Amino acid sequence: MPKLAKLISNPRGLRRTLAWWPPYRCAGIKVVHIADDWSSARIRLRLGMFNRNYFGTHFGGSLYSMSDPFWVLLAVNRLGRDYVVWDKTGEIEFVSPGRGTVYSEFRLSEERVAEIRQATADGSKALPWFESTVTAADGTVVARVRKQLYVRRKPGR
């Protein structure tokens, strides 16, 4: 197993790797937590000089970046090596200006994992949608993010 693959094969290693990954480090994005069973993740984005827009609020690209990879990461690790998991579609709705630290949480339930396994059991692809919310520290909704994944069992598995 290549060194990087081994490092990111567990939640703690992935969290540490993303802490030094330049796009996240420079944007002020921090992975606060990834559950040991890959069922959830919590991400934080602090408002800073490099992620502030013209109006002094969070740059929309940073809000989307903090949400971008986590549904895929949770799903591929929950489903296992017998599955191909890719991002298919993503969208973000900006609800209110982000003026301070914001958070996003991702929870992938066992029921959703079972639904995906059932939908792909015969080799068909599944295109499940997932939603997350970016919130300010006081609970104000800053953005809603929707992601659609492409999931299929690998042939012969």
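Calculate, in nm to one decimal, what TYR64 and HIS33 gain on full extension: separation in residues at 0.36 nm each, minus their alpha carbon distance.
Numbers: separation 31, 0.36 × 31 = 11.16 nm, distance 1.81 nm.
So the chain would gain 9.3 nm between TYR64 and HIS33.
How big is the Kirkwood radius of segment 116-157, worked out from every pair of different alpha carbons and given in Å to one decimal? Don't jump to the answer; show the numbers that get you there.
On the way: mean 1/r = 0.0810 Å⁻¹.
When all Cα pairs of segment 116-157 are included, the Kirkwood radius is 12.3 Å.
Report in % the part of the accessible area of the chain that belongs to carbon and sulfur, leaving out ligands and nucleic acids; probe 1.4 Å. Provide the component values of the computation, followed by the final result.
Values: 4910 of 9180 Å².
Answer for the chain: carbon and sulfur cover 53 percent of the accessible area.
So which residue, out of SER109, SER62, SER40, gets the largest mean-square fluctuation from a GNM of the chain using Cα contacts under 10 Å as springs?
Maximum among the listed residues: SER109.
What's the magnitude of the charge dipole for segment 37-157 around its Cα centre, counting Lys and Arg as +1 and Asp and Glu as -1 at the beta-carbon? Answer in Debye, nearest 20. It would help to have the intermediate numbers written out before the result.
Values: 19 positive and 13 negative charges, 66 e Å.
Once rounded to the nearest 20, the dipole reads 320 debye.
Rounded to the nearest angstrom and ordered from largest down, what semi-axes does the equivalent ellipsoid of segment 38-87 get from its C-alpha gyration tensor (root of 5λ)? Mind dumping the intermediate values first?
Details: eigenvalues 184, 22, 6 Å².
Each semi-axis is √(5λ); the values are 30, 11, 6 Å.
Roll a 1.4 Å probe over the protein chains and send me the accessible area per residue for the chain in Å². Let's see the in-between values first.
On the way: 9180 Å² over 157 residues.
On a per-residue basis, 58 Å².
Given the DSSP H assignment, sum -39500 (n - 2.57) over each helix run of at least 4 residues in the chain and divide by its residue total; what's the result at 222 nm in deg cm²/dmol, nearest 500? Let's see the in-between values first.
On the way: 6 runs with 48 residues, N = 157.
The per-residue figure over the chain is -8000 deg cm²/dmol.
Can you give the FRET efficiency to the nearest 0.05 for THR140 and GLU93, using r as the Cβ-Cβ distance and R₀ = 22 Å? Kindly include the intermediate steps, with their values, before the conclusion.
Working: r = 14 Å, r/R0 = 0.65.
Given R0 = 22 Å and the Cβ-Cβ separation, E is 0.95.
Say a site is exposed when it is one of the chymotrypsin sites (Phe, Trp or Tyr not before Pro), sits in a DSSP loop, and has at most 15 other Cβ atoms within 10 Å; what is then the longest site-free stretch of the chain? Walk me through the numbers before you get to the answer.
Numbers: sites that count: PHE50, TYR54, PHE55.
Answer from the scan: 56-157.
Among LEU127, SER96, ASN77, whose Cα sits farthest toward the positive end of the charge dipole of the chain (+1 at Cβ of Lys/Arg, -1 at Cβ of Asp/Glu, about the Cα centre)?
Farthest towards the positive end: ASN77.
Could you state the orientation-averaged shadow area of the convex hull built on the Cα atoms of the chain, in nm² to one decimal? Display every interim value, and only then the final one.
Details: hull surface 38.4 nm².
Averaging across all directions leaves 9.6 nm² for the Cα convex hull.
The values are calculated or read from the model by the stated rules, or taken from the named source; none is laboratory data. Small disclaimer: the values here were computed from a predicted structure and weren't measured. Counting neighbours? That spans all protein chains shown, and the Cβs are built from the backbone with ideal geometry, glycine included. Areas reflect the complete protein model, heavy atoms only, side chains present, ligands, DNA and RNA absent. Shrake-Rupley method; radii C 1.70, N 1.55, O 1.52, S 1.80 Å.
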